[in-house]
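For reference, the structure is listed below as structure tokens.
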Amino acid sequence: MWNSIQCAVQGRSHVKDGIPCQDKTFYSNVNDVQVIALADGAGSAQFSHYGAETVTKFICSELSEQFDFYFAEEDGVIVKQQVMSGVIKCLQEQAAELKCEMKDLASTLLVVAVKEEKFIIAHIGDGVIGYLKDDELKIASQPENGEFVNTTIFTTSKDVLMTMKLIKGSLGQIRGFILMSDGTEVSLYNKKEKRLADVLKKIMKMSILISSDKIEEQLQQSFTLVVSQATTDDCSIAILMDDRDEFKGFMKLSHCEKCNLLKIESNSSKKRIKRYSDILLFLQKRQSLVNVARYIHLKPKYAKRYVQKLCELNLIEKTNHSCYQTLVKMN
């Protein structure tokens, strides 16, 4: 089982000029193939947001239907040609519908498809594709720039086949993949060191414990308030995380597993663990710190320590009106 997380926010320059978000993401789970895609529409292309949306939906459908063929085909050129033939066809149809030229639909394209223990990665243009393996974030594919400074390759570029990257392999210890646009790179990718920000590992791991909807809600807020402020460009991210060791809920964890999740010593008293458990259960409905203190029979200043620890671990969140609510799956 795989969890998908997606987020795209409008860049500050686009907000100012009234231009829609040109970054698009898409996810599909068809024929036992999990596919996640991201496309960053060219800023100079009038309808690139339509092009980006079209190619993400197409590539997810194409890899869902043709995964076995593409994985088995040893000639990468044949795979690239067939993929791009489909991409161009759907863009031509879109151009005819919008009465525009193909170049008006230009975008990058990043995609990861997984079936059983196999994966396929394809990458056109800038943006970064990374993966989590053996608890370390690694880079699978780096940005591909164009011939001139501050240019990149797009789905409509004449030399797209020569620059398109195609990677196939076995998952092994890979637990997740992450795709990001160049706007997001500014905050979450160190180009000089070719390293992804550690916070991404935390997000990927939390996606197993917390519902995708809640993670996406938090990402949307974080990207709007922080990530998008570091650039004028649109910012997007797409994550595919393996949940093969499915999290059954906090209450079904053993004592040691709870201690590990709470980052406390495994010899901690059962009473202490019970207080954390009681707080998490109680906060499935939004409550104030005073109510939490009453529920676990502690003074507010002592209850606050427990609540703050759970907030730091991202297992609960502080909401409006100084209330708290549980994030982690309980049962």
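At a Cα cut-off below 20 Å, give the aspartates and glutamates reachable from K89, other chains included and same-chain residues fewer than 8 away excluded.
D40, E53, E62, E65, E97, E101, D104, D159
Among F71, Y27, I129, whose Cα projects farthest towards the positive end of the dipole of the stretch 2-242, with charges put on the beta-carbon of Lys, Arg (+1) and Asp, Glu (-1)?
In the stretch 2-242, that residue is I129.
Alpha carbons only, please: Rg and Dmax for the stretch 250-326, in angstrom.
Cα-based Rg and Dmax for the stretch 250-326 come out at 11.8, 36 Å.
Based only on Cα atoms, what mean projected area does the convex hull of the stretch 178-331 have, in nm²?
10.7
Under 17 Å between alpha carbons, and skipping anything fewer than 8 positions from K274 in its own chain: which lysines qualify?
Within reach: K252, K258, K263, K299, K304, K309, K329.
Using the number of other C-beta atoms within 10 angstrom as an exposure proxy, rank S288, S277, S266 with the fewest first.
So the ranking, lowest neighbour count to highest, is S266, S288, S277.
Scaled to the compact-protein estimate 2.2 N^0.38 Å, what is the alpha-carbon radius of gyration of the chain, rounded to two decimal places?
1.11
Read-outs throughout are calculated quantities, based only on the coordinates presented, and are distinct from any laboratory measurement. Keep in mind it's a predicted model, so treat the numbers as computed, not measured. All Cβ positions, even for glycine, are placed from backbone atoms using ideal geometry, and neighbour counts span all protein chains on display.
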